[in-house]
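Student: Quick one: the structure is below, questions incoming.
The values are calculated or read from the model by the stated rules, or taken from the named source; none is laboratory data. These numbers come from a predicted model, not from an experiment. With ideal geometry, Cβ positions are generated from the backbone for all residues, glycine too; neighbour counts draw on all protein chains shown.
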């Protein structure tokens, strides 16, 4: 029987509910750079993709892409307090895993400053021993590099590691890194969409992880 000892998590849409914040931030940018050209569904399809990739699809001017990223980041940071929310059961589950000795890491395509702010807001940051952001890698998810960096920092082996996320890129990155994967049913993309990428498990709630790793209360 596999003894899981390492759990890696995406941040936005997995540990913290930033969906409204992300959509608002994109809408803010589009108001200035591409008004009336993209729908809410378009924006949802961008979630989990690095900002530079999404904005490069809107503008071929590298300088303008950087301006768009800066505009997004400024709006995003300024609105964390009002638009970031907690998912039920996440804090208690993460705290339980931490207290029982599991190695925990965050692997996100978000930039470090905003990611740390979001995790700190809801009291999650102290539970994680590594925090890999898009600023730390050459190749973001779905490339395995972010997960490989996290596992190296945690001295973890792929066969004893689970990647938990809300987007197809989390599941693909996990498979590419040779780890097991868990999708979350509260993904804004829809549980049926995420199931198409064949994660090993789908979590109806974060506490389902305790059953998977054998730590659920009797």
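Student: Does residue 75 count as touching a residue at least 24 places away in the same chain (Cβ under 8 Å) and outside the structural domain of residue 165 (by TED's automatic domain parsing)?
Tutor: yes
Student: On to the next question. I'd like the residue in segment 166-179 that is assigned to a loop (DSSP other than H, G, I, E, B) and in contact (Cβ under 8 Å) with a residue 60 or more places away in the chain and, out of all such residues, is farthest from the chain's Cα centre (by Cα).
Tutor: Looking at residues that are assigned to a loop (DSSP other than H, G, I, E, B) and in contact (Cβ under 8 Å) with a residue 60 or more places away in the chain, I get 179.
Student: With respect to residue 114, determine if the residue is touching a residue at least 12 places away in the same chain (Cβ under 8 Å), surrounded by 19 or more Cβ atoms within 10 Å (Cβ to Cβ) and out of contact with any strand residue (DSSP E or B) (no Cβ under 8 Å at 6 or more places or on another chain).
Tutor: For residue 114, the condition - touching a residue at least 12 places away in the same chain (Cβ under 8 Å), surrounded by 19 or more Cβ atoms within 10 Å (Cβ to Cβ) and out of contact with any strand residue (DSSP E or B) (no Cβ under 8 Å at 6 or more places or on another chain) - is met.
Student: Return yes when residue 136 is buried (at least 23 other Cβ atoms within 10 Å of the Cβ) and either within 17 Å of residue 12 (Cβ to Cβ) or under 14 Å from the mean Cα position of the chain (by Cα) (or both) and no when it is not.
Tutor: Judged against the criteria, residue 136 is not a match.
Student: Output the residue which, of all residues in segment 102-111 that are within 20 Å of residue 78 (Cα to Cα) and in contact with a helix residue (DSSP H, G or I) (Cβ under 6 Å, 6 or more places away or on another chain), is surrounded by the most Cβ atoms within 10 Å (Cβ to Cβ).
Tutor: 108
Student: Quick one: which residue in 150, 182 is in contact with a strand residue (DSSP E or B) (Cβ under 7 Å, 6 or more places away or on another chain), in contact (Cβ under 8 Å) with a residue 40 or more places away in the chain and surrounded by 22 or more Cβ atoms within 10 Å (Cβ to Cβ)?
Tutor: 150 is the lone residue from the list that is in contact with a strand residue (DSSP E or B) (Cβ under 7 Å, 6 or more places away or on another chain), in contact (Cβ under 8 Å) with a residue 40 or more places away in the chain and surrounded by 22 or more Cβ atoms within 10 Å (Cβ to Cβ).
Student: Which members of segment 79-102 meet the condition of being farther than 30 Å from residue 52 by Cβ and not in a helix (DSSP H, G or I)?
Tutor: Taking segment 79-102 and keeping what is farther than 30 Å from residue 52 by Cβ, we get 88-89, 91-93, 95-102.
Result: 88, 89, 100, 101, 102.
Student: Report, by residue number, each residue of segment 133-165 that is outside any helix (DSSP H, G or I), more than 24 Å from residue 198 (Cα to Cα) and in contact with a helix residue (DSSP H, G or I) (Cβ under 6 Å, 6 or more places away or on another chain).
Tutor: Correct list: 133, 137.
Student: To continue, here is another question. Looking at segment 1-43 only, could you name the residues that are surrounded by 16 or more Cβ atoms within 10 Å (Cβ to Cβ), touching a residue at least 60 places away in the same chain (Cβ under 8 Å) and more than 19 Å from residue 82 (Cβ to Cβ)?
Tutor: Those that are surrounded by 16 or more Cβ atoms within 10 Å (Cβ to Cβ), touching a residue at least 60 places away in the same chain (Cβ under 8 Å) and more than 19 Å from residue 82 (Cβ to Cβ): 4, 5, 6, 7, 8, 9, 10, 14.
Residue by residue, here is whether (1) surrounded by fewer than 19 Cβ atoms within 10 Å (Cβ to Cβ); (2) touching a strand residue (DSSP E or B) at 6+ places or on another chain (Cβ under 8 Å); (3) closer than 20 Å to residue 45 by Cβ; (4) in contact (Cβ under 8 Å) with a residue 40 or more places away in the chain holds:
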site: 126; (1), (2), (3), (4): yes, no, no, no
site: 158; (1), (2), (3), (4): yes, no, no, no
site: 163; (1), (2), (3), (4): no, yes, no, yes
site: 196; (1), (2), (3), (4): yes, no, yes, no
